[in-house]
Amino acid sequence: MIYISKGTSKSSLRNPLKVTRCGKTVQLSGLQAELWRKGRYEFASAQTKAEEMALTSLSRAGLAEIQQESTATFRYYALTSCVLCPTQRPGIGLTTGEKELLCWLKKAGLRMTVAELVYLRSRDIRPARKLLRARNRQALVERIYNPHNIADNLLEQQMESAGCRDEVVADLLSLLRKKRLVLL
């Protein structure tokens, strides 16, 4: 079983750990706090039955996204269940792909999903003035969605087989490790 943590904490070294997600603060201690910290910046895995039970509890609280297998597809689907929130840290020391994703996340005028980011990269659509900011939100939505992918979860399913899916997931995880991104 693999997982990735969701939410933010003010001080990750103090016990009990206080994690905030969507305006709700949850206090964690013991195994739950340890597991949440392990999955904060990357996918982690449960090793014991006690860890699996603690993760199930974290998942019910909305603080972890769990998948049964450690494959690229399951990692992609775990991230599709997260809200990607860029931080205010400067974008220095990033690769070209990371910079592009961060630009979409910060300037698109709407909350971008993993599937939308994969779609944009798969179609080689770069961040451009005519697609960025709230005033161009509709233009961006029209570039991504069409009658063949507008239905619920259809884009996520289509992007599962995109050639650049793993590259986008790797770039997002790198942004998470570099603290340029928070998962909610």
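The values are calculated or read from the model by the stated rules, or taken from the named source; none is laboratory data. Please read all numbers here as calculations on a predicted model, not as lab measurements. Counting neighbours? That spans all protein chains shown, and the Cβs are built from the backbone with ideal geometry, glycine included. Surface accessibility is based on the protein's heavy atoms, side chains included, excluding ligands, DNA and RNA. Shrake-Rupley method; radii C 1.70, N 1.55, O 1.52, S 1.80 Å.
Can you confirm whether L84 is surrounded by 17 or more Cβ atoms within 10 Å (Cβ to Cβ) and more than 20 Å from R111 (Cα to Cα)? No.
Listed here are the strands (runs of 3 or more DSSP E) enclosed by region 1-75 that have at least 2 residues being in contact with a Pro (Cβ under 9 Å, 6 or more places away or on another chain) and either open to solvent by less than 60 Å² (accessible area, probe 1.4 Å) or modelled with pLDDT under 95 (or both): 24-28.
Restricting A72, A50, A61 to residues that are among the aliphatic types (A, V, I, L, M), out of contact with any Ser or Thr (no Cβ under 9 Å at 6 or more places or on another chain) and under 18 Å from L172 (Cα atoms) narrows the list to A72. The C-beta contact set for region 13-33 (first residue more than 15 Å from T56 (Cα to Cα), second residue assigned to a helix (DSSP H, G or I), distance under 8 angstrom, 6+ apart or interchain) comprises N15/A33; P16/A33; L17/A33; L17/W36; L17/R37; V19/W36.
Looking only at region 175-184, which residues are in contact with a strand residue (DSSP E or B) (Cβ under 9 Å, 6 or more places away or on another chain) and surrounded by fewer than 23 Cβ atoms within 10 Å (Cβ to Cβ)? Break it down into steps so the answer makes sense when it comes.
Narrowing region 175-184 to residues in contact with a strand residue (DSSP E or B) (Cβ under 9 Å, 6 or more places away or on another chain): 175-176, 180-184.
Hits for region 175-184 are L176, V182, L184.
Identify all residues within region 87-108 that are over 13 Å from V182 (Cβ atoms), in contact (Cβ under 8 Å) with a residue 12 or more places away in the chain and surrounded by fewer than 17 Cβ atoms within 10 Å (Cβ to Cβ); write none if there are none. Can you show your working first?
Applying the first criterion (over 13 Å from V182 (Cβ atoms)) to region 87-108 yields 90-101, 103-104, 107-108.
With the extra rule that they be in contact (Cβ under 8 Å) with a residue 12 or more places away in the chain, the set shrinks to 91, 93-95, 97-98, 100-101, 103-104, 107-108.
Scanning region 87-108 gives G91, G93, T95, C103, K107.
Picking from residues in region 155-169 that are of a type outside the set (D, E) and open to solvent by 50 Å² or more (accessible area, probe 1.4 Å), the one that is nearest to K10 (Cα to Cα) is Q157.
Scanning region 116-135 for residues that are open to solvent by less than 30 Å² (accessible area, probe 1.4 Å) and either in contact with a Lys or Arg (Cβ under 6 Å, 6 or more places away or on another chain) or without any contact (Cβ under 8 Å) to a residue 40 or more places away in the chain (or both) yields E116, V118, L120, I125, L131, L132.
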